[in-house]
Amino acid sequence: MKYKMYRFLVAACVLGMWMSCRQSPEFEVNGIIAGADGQTVYLENVGLSATVVLDSAKLNASGKFSFRQPRPEYPDFYHLRLNGQLINFAIDSTEVYSFVADAGTFATSYTVEGSSSALAIKEITLAQLDANQAIKRLRKEYASGMISDSLYQGQVQDVIDTYKKIALKYIYAQPMSATSYFALFQQIDGLLFFDLYDKTDSRAYGAVATSYNHFYPESPRAKHLYNLALQSLKVLRSERTIDLDKIAKEVSLLDVELPDIHGEKIKLSDVAKDKVVVLNFTVYQSEWSAGLNTTLGRIYDIYHAQGMNIYQISLDNDTHLWKNIVSSLPWTCVRDPQSVYSQTAALYNVKQLPTLFILNRKGNLVKRVEDIGTLEKEVQAVL
């Protein structure tokens, strides 16, 4: 009996020691980087609004480094940076990560021990890098006239779908994981792969948002994602199984201020004041532009007197062409000089052109129009 009690006490002590280790207030990141003598590796926290340098180490011939930092209260994201190359990882329940990499292929050919999530994040990162390279190649071909507008858009969408296929296997398998969150928010030139206003993609946002809201309700990331999912639901006017406590909130106007043909900056909020507005992202130098503007012109002629406006944003590179075309258009026409790198388009998560939204008289974004053929019906409904 005493022997059994002794064994029980030993087991309890071991368990207690293990639990105290699991609750360590710090995490450690260490490793070896070959061929990096004299270079500096940085540990950085990737926050919601900014990336912050936490520590750095100048490497010697051995390439060894080690960082220790306070463990985050909620799952959070970090990366190692070496000469502009990044290794992404998340800190959730793991205290020690060990990396082995080569300076030349730092971001792509590393190995990691300590967490399966780090391997999953590596796969997602590589898929994102592949997509970026493919789209850069397509943009060069499109700019040089090697491929048509429709072929360019189709092939870009194929690249995006390939990334999504990899990301979704994590998102729906473990929506509460840091890996799923990471996969959901990867970007190309500031644009998210997953479209907040797409009916299919909104399910992915909803799945991760619901899980994060359940497991980490006080996390800033959970609250941010929760609000995005709410916005998606509001815009799509859909009653799916995504449970966000049935909170009814209006989606506020994401304001835009861009120059018109005279160089005067025009705010979307000014055009939208007490009006129903069609917000259109477009490129005039395209095979479909003339037909789109004909449709917009017909709708504008019918409904402008009833309180309908159009705010049309051009992403054209050719300023002269844009000015020639818009000089005869009766609605508000502005141009974003950043073209395909437009931060305005990124704000609205525009991935393909043309893209149309409808704002109601309160300035709330209430609809993304998928089919130009339904635009008049949608405008009538909001009016």
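Brief remarks on what is shown
- Measuring nothing but protein heavy atoms, the accessible surface of segment 327-372 at 1.4 Å probe radius is 49 percent carbon and sulfur.
- Degrees, to the nearest 10: 289-303 long Cα axis against longest axis of the chain: 70
- Among beta bridges that DSSP assigns inside the chain, antiparallel share in %, nearest 5: 70
- Normalised alpha carbon radius of gyration of segment 96-148 [divisor 2.2 N^0.38 Å]: 1.60
- One quarter of the surface of the convex hull around the alpha-carbon atoms of segment 182-227 equals 3.2 nm², the direction-averaged projected area.
- Counting DSSP beta bridges with both ends in segment 14-142, the antiparallel % (nearest 5): 80
- Accessible surface area normalised per residue over segment 25-182 is 48 Å², counting heavy atoms of protein chains with a 1.4 Å rolling probe.
- With all protein chains in place and ligands, DNA and RNA left out, the 1.4 Å accessible area ranks Tyr74, Tyr163 as Tyr74, Tyr163, largest first.
- Count Lys and Arg as plus one, Asp and Glu as minus one, and take only other residues whose Cβ is under 12 Å from that of Thr295; the net charge is then -2.
- Dipole magnitude for segment 87-177: computed about the Cα centre from +1 point charges on Lys and Arg Cβ and -1 point charges on Asp and Glu Cβ, it is near 300 debye.
- Computed accessible area, His304, all protein chains, 1.4 angstrom probe, square angstrom: 80
- Considering only Thr295, Leu321, Trp331, and ranking their Cα positions along the charge dipole of segment 284-383 that arises from unit charges at the beta-carbon of Lys, Arg, Asp and Glu, the one farthest toward the positive end is Trp331.
- For segment 18-120, the square roots of the Cα gyration tensor eigenvalues, ordered a ≥ b ≥ c, give a/c of at least 1.5 with a/b greater than b/c, which places it in the prolate category.
- Solvent-accessible ranking of Thr51, Thr210, Thr179, largest area first, probe 1.4 Å: Thr51, Thr210, Thr179
- Degrees between helix 199-215 axis and first principal axis of the chain (Cα, 0 to 90, nearest 10): 40
- Couplings 3J(HN,Hα) for segment 223-229, derived from phi with the Karplus relation 6.51 cos²θ - 1.76 cosθ + 1.60 (θ = phi - 60°), are 5, 4, 5, 4, 5, 5, 5 Hz, where x marks Gly and Pro.
- For Ser148, the solvent-accessible surface with a 1.4 Å probe is about 50 Å², rounded to the nearest 10.
- A simple charge model with +1 on the Cβ of Lys and Arg, -1 on the Cβ of Asp and Glu and nothing else charged puts the dipole of the chain at about 980 debye relative to its Cα centre.
- Average Cα contact separation per residue, the chain, under 8 Å, 6 or more apart, as relative contact order %: 11
- Degrees between helix 116-143 axis and first principal axis of the chain (Cα, 0 to 90, nearest 10): 30
- Under 13 Å, Cβ to Cβ, from Leu82 - net charge with Lys/Arg +1 and Asp/Glu -1: -1
- When the pairs Lys140/Lys199; Lys164/Lys199; Lys223/Lys367 are compared against a 25 Å limit on Cα-Cα distance, Lys140/Lys199 fall above it.
- Separation between Cα centres of segment 314-331 and segment 84-101, rounded to whole Å: 48
- With every protein chain in place, segment 69-204: carbon and sulfur % of accessible area (1.4 Å): 53
- Rounded percent of accessible protein surface that carbon and sulfur make up, segment 277-320, 1.4 Å probe: 50
- Coordinate range of the alpha-carbon atoms in the chain per principal axis, descending: 92, 50, 33 Å.
- Solvent-accessible area of Lys199, all protein chains in place: 110 Å² (probe radius 1.4 Å, heavy atoms, ligands and nucleic acids excluded).
- Accessible surface ranking for His262, His320, 1.4 angstrom probe, highest first: His262, His320.
- Size-normalised alpha-carbon gyration radius of segment 263-383, reference 2.2 N^0.38 Å: 0.98
The values are calculated or read from the model by the stated rules, or taken from the named source; none is laboratory data. Not measured: the values here are computed from a predicted model. Reconstructed Cβ throughout: ideal geometry from the backbone, glycine too, with neighbour counts over all protein chains shown. The protein model used for the area step is the full one, side chains on, heavy atoms only, and it has no ligands, DNA or RNA in it. Shrake-Rupley method; radii C 1.70, N 1.55, O 1.52, S 1.80 Å.
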